Structures are given as C-alpha cells and as structure tokens.
Amino acid sequence: QVQLVESGGGLVQPGGSLRLSCAVSGSIFSLYPMGWYRQAPGKQRELVAFIRNGGSTDYVDSVKGRFTISRDNVKNMVYLQMNSLKPEDTAVYYCNVWPSRNNYWGQGTQVTVSS
C-alpha cells in the first residue's frame, strides 16, 4: 500500500525558512519522479517542484532560487527546503509522484508565512 506523509510545516515570518519532509512507503519511490505541490486558499493545487530519479530538478518560476527539492533514495524521503519565504507561499503543501496520481494524495502540511 502506498502512503505519503508530509511534515515540517508551520508559521514563519516573511524572509524565514522551513524544511518540509515527505516519507514515502510502498514501492513507488524508486519508480517515479517525485514532486511537491501546494494549494492556497481559493486556488487550485499547483506543482511547485519535482525531482527525477537521477536527481535533476525543475521549479515553478515563482520559487526558483528560493526553494530546493531533494530526495534520499535510501530513506525513501523527499525534502523541500524553502528559503526567503513570502506571504504568497502560504498554502497546504503536498508531495506526490510527478505527474501526480489522485490516489496518492496525503494530508499535506500547512505553511503559513505571516508577520
């Protein structure tokens, strides 16, 4: 059974940093690229970043230079280091394979950027 569990969210001031973690159980980790997604209030869920099995990455323009996605292929973990956070980064953050699959969504982790 596939399960993805996100953690690491919280309340942070503008300009601050957070590191999100995603624990991936099941057999999917080594098979697919992994992505971080987010959904802000009143908006559709969007892809933030993804990382291929070989380690190459890509980011949505709004987070380039501020966010870094990484994966640990031994621990089956995916991380999102978020620096220079802005209020518009406020959202629930999810991990999933890339492209996403509906049956893999977890509960997400809330990130709130506010002074």
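The values are calculated or read from the model by the stated rules, or taken from the named source; none is laboratory data. Computed from a prediction, not measured in an experiment: that's the story for all the values here. Virtual Cβ from ideal backbone geometry, glycine too; neighbours counted across all protein chains shown. Protein only, heavy atoms only, side chains kept; ligands, DNA and RNA dropped before computing areas. Shrake-Rupley method; radii C 1.70, N 1.55, O 1.52, S 1.80 Å.
Model label points for SER114 and ASN73, set 7 angstrom from Cα along the Cα-to-Cβ axis, are 4.1 nm apart. One Cα centroid belongs to the stretch 1-77, the other to the stretch 89-103; the line between them spans 8 Å. Based on the Kirkwood radius over alpha-carbon pairs, what is the Stokes-Einstein translational diffusion coefficient of the stretch 3-44 at 37 °C with 0.692 mPa s viscosity, in µm²/s? Stokes-Einstein gives a translational diffusion coefficient of 257 µm²/s. Charged side chains reduced to their Cβ positions (Lys and Arg at +1, Asp and Glu at -1) give the stretch 63-115 a dipole of some 140 debye around its Cα centre. The GNM of the chain, with springs linking C-alpha atoms under 10 angstrom apart, assigns the highest mean-square fluctuation among GLN44, GLN13, GLN81 to GLN44.
Taking label positions 7 Å along the Cα-Cβ direction at both SER62 and GLN1, the computed distance is 3.4 nm, reported to one decimal. The stretch 42-93 has equivalent-ellipsoid semi-axes of 21, 12, 11 Å, by the square roots of 5 times the alpha carbon gyration tensor eigenvalues, sorted largest first. For the chain, a simple Cβ point-charge model (Lys and Arg +1, Asp and Glu -1, everything else neutral) yields a dipole of about 80 debye relative to the Cα centre. Here the accessible area of the stretch 1-103 is 47 percent carbon and sulfur, with a 1.4 angstrom probe and all protein chains present. Across the chain, the mean sequence separation of Cα contacts (distance under 8 Å, 6 or more residues apart), normalised by length, yields a relative contact order of 37 percent. When each of the peptides 97-106, 64-73 is scored by how many other beta carbons lie within 10 Å of its residues on average, the order from highest to lowest is 64-73, 97-106.
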